[in-house]
């Protein structure tokens, strides 16, 4: 599990560059931060659960998405 895609990630797929965050924009977000800390700092519109690791998106983590939803229907997208 690698977590948030940043511009410092090695072997970053060119298709992901547009979505990669600059680590300088993530001050006070430590490596290994919880999903709740990341959501509050990054304010994503979409979460992709691609690691195959269970339990990462728990109810508390999903509820934290309400702080950053700007979609017209008031909902976030979670895969």
Residues that are assigned to a helix (DSSP H, G or I), modelled with pLDDT of 80 or more and within 11 Å of the chain's Cα centre (by Cα): does region 42-59 have at least one?
yes
Which is at pLDDT 75 or above, on the phi < 0 side of the Ramachandran plot, touching a helix residue (DSSP H, G or I) at 6+ places or on another chain (Cβ under 7 Å) and part of a loop (DSSP other than H, G, I, E, B), of 29, 12?
29
Select from region 20-42 the residues that are surrounded by fewer than 13 Cβ atoms within 10 Å (Cβ to Cβ) and more than 10 Å from residue 3 (Cα to Cα) and list them in ascending order.
22, 24, 25, 27, 28, 30
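The values are calculated or read from the model by the stated rules, or taken from the named source; none is laboratory data. Everything quoted here is computed from the prediction, not taken from an experiment. When we count neighbours, we look across all protein chains shown, and the Cβ atoms used for this are built from the backbone with ideal geometry, even at glycine.
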